[in-house]
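The values are calculated or read from the model by the stated rules, or taken from the named source; none is laboratory data. Just so we're clear, the structure is a prediction, and the values are computed from it rather than from any experiment. Reconstructed Cβ throughout: ideal geometry from the backbone, glycine too, with neighbour counts over all protein chains shown.
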Amino acid sequence: MTDRMQDTVLSILLLLLAGIWIWLVSTTIPGGLGRGDVGPRAFPLTFGIALAILSGLLLLRLFLSRVDAAATEAAARSQIEWLPAILVLLEISLYGFLLQKTGFLIATPVVILLIMLVNLRVHSLKAVIGMSLGVTIGAWAVFEKLLGMYLANGTWINLG
């Protein structure tokens with residue numbers, strides 16, 4: 001499979017995923033309480049719209065560009081690396097499961113720690129712990145305290 005074909009399939013799948021995401025967010029998450037208020041739907045909806053725009057731009061770029069024969073032949077010989085894609089899919093699934101069961105404050109640092117150790121191969125304990133706690137506390141401060149949005153509480157553990 002050529003790079004162009006891979007990019008085309010990826011952009012179509014991401015565009016489909018964005019459409020499903022936007023539909024699910026619109027039908028399941030309530031909007032703000034008043035007119036123009038930022039509610040719990042704002043961030044996920046913005047994420048879905050951004051994904052749709054970026055995947056649409058990728059698809060448009062692929063249709064407008066031309067690939068020369070040498071690059072196509074070289075890309076056809078290259079192998080697809082499935083392990084990183086499967087690993088990211090498993091990590092996203094684990095994060096969704098942990099987010100529901102343990103809540104944001106436990107799931108986020110655990111998954112960031114896992115990503116840094118397995119995907120990024122960071123071996124500095126100070127960097128791994130600092131990044132895990134820094135991202136978690138930073139996101140908690142921005143969303144929970146600054147914007148007043150409630151983050152997920154767990155069903156097993158509730159640090160709410």
Does the stretch 101-144 hold any residues that are farther than 19 Å from Glu91 by Cβ and not in a helix (DSSP H, G or I), and which are they? Ser124
Can you name the condition, by its number, that Pro40 falls short on among (1) surrounded by 13 or more Cβ atoms within 10 Å (Cβ to Cβ); (2) out of contact with any Phe, Trp or Tyr (no Cβ under 8 Å at 6 or more places or on another chain); (3) modelled with pLDDT under 90? (2)
Go through the stretch 122-141 and count every residue that is at pLDDT 90 or above and farther than 22 Å from Ile157 by Cα. 8
Does Ser93 count as modelled with pLDDT under 90 and hydroxyl-bearing (Ser, Thr, Tyr)? no
Please verify whether the stretch 145-159 includes one or more residues that are modelled with pLDDT of 90 or more and outside the structural domain of Ile29 (by TED's automatic domain parsing). no
The residue from Val25, Val88, Val9, Val67 that alone is at pLDDT below 90, on the phi < 0 side of the Ramachandran plot, in the same structural domain as Thr136 (by TED's automatic domain parsing) and not basic (Lys, Arg) is Val88
